[in-house]
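Down below is the structure, laid out as structure tokens.
Any read-out appearing in this document is the output of simple, stated calculations on the displayed coordinates, not a laboratory observation. Note that the coordinates shown come from a computational prediction; the quantities given were computed from them, not determined experimentally. Neighbour counts are summed over all protein chains in view; Cβ atoms, including those assigned to glycine, are modelled from backbone coordinates with ideal geometry.
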Amino acid sequence: MDTLRQIRFVWKPLVFVASLVPFALVVGDLYEITGTLGANRIEEIQDRFGNWGLRFVLIALAVTPARNILAKPWLARFRRMLGLFAFFYVLLHFATWLFLDQGLLLSAIIEDIVERPFITIGFAALLILLALTATSTAGMRRRLGSRWQKLHNWVYVAAILGVWHYWWQVKLDASDPAVYAAILAALLGYRIWRRKKPRKQATVPSTA
């Protein structure tokens, strides 16, 4: 089996199943099959989905550096799936807050989004990821042309907002968001270094 077939029929299904494990564990803990959610179940569910959403954003951003450093161009074939899982978990994080925490009370939801800055920037990150998800298909890429890449560069803005949202949310120990911030800084630093790195020019042999 060649590499592309292995990716399509072996590795992609494995990555897909592995990416669903955090969701399965939340459901299992909710019914006390795999563990428990503790005293504040809604907050625990919300935090878990939010953390995994941010992790998948960073994992998706790490695909390109890994592809370049390891010289494995086929790694790019996992980027869209990982990005979609990032949106999936961020959406679950938002839905938990929307339905379970706020009880779908519109006035309280609008008030929180407008008056609580960490919720404002988290909601902005969600909207960016929604736009990226809606335009992630090959058909949308063809329709948008050169604008597609410019739009999808906004994933870095979403990542920054996500880390910022997490940092402002914690009240005492900021060690976890600091780790996410360091990873994001490394990924952004690599991108900047890569763009500024002078490209090797092909040497033209001189003729006698």
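Summary of computed values
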item: Relative exposure of 164, 97, 52, judged by other C-beta atoms within 10 Å (fewest first); result: 164, 97, 52
item: Where labels lie 7 Å past Cα in the beta-carbon direction, separation of residue 24 and residue 193 in nm; result: 3.7 nm
item: Principal-axis tilt of helix 155-169 within the chain, Cα atoms, nearest 10 degrees; result: 30 degrees
item: Cβ-based exposure ranking for 36, 96, in which fewest neighbours within 10 Å come first; result: 36, 96
item: For peptides 56-66, 104-114, sequence by mean Cβ density within 10 Å, most packed first; result: 56-66, 104-114
item: Between helix 12-30 and the chain: long-axis angle, C-alpha atoms, 0 to 90°, nearest 10; result: 10 degrees
item: Selection from 33, 102, 90, by position along the positive dipole direction of region 1-145 (Cβ); result: 90
item: Residue-count net charge about residue 22 - beta-carbon cut-off 14 Å; Lys, Arg +1, Asp, Glu -1; result: -1
item: Ranked 166, 31, 156, criterion: other C-beta atoms within 10 Å, fewest first; result: 31, 156, 166
item: Under 14 Å, Cβ to Cβ, from residue 35 - net charge with Lys/Arg +1 and Asp/Glu -1; result: -1
item: Candidates 74, 193, 167: whichever shows maximal mean-square fluctuation once the chain is modelled as a Gaussian network with Cα springs under 10 Å; result: 193
item: Sum of side-chain charges, residue 179 neighbourhood, beta-carbon under 12 Å (Lys, Arg +1; Asp, Glu -1); result: -1
item: Degrees between helix 175-196 axis and first principal axis of the chain (Cα, 0 to 90, nearest 10); result: 20 degrees
item: Viscosity 0.890 mPa s, 25 °C: Kirkwood-radius Stokes-Einstein D of the chain over Cα pairs, µm²/s; result: 128 µm²/s
item: Förster radius 30 Å - calculated FRET efficiency between residue 152 and residue 33, Cβ distance, rounded to 0.05; result: 0.20
item: Label point distance in nm, residue 14-residue 142, each placed 7 Å from Cα along Cα→Cβ; result: 3.2 nm
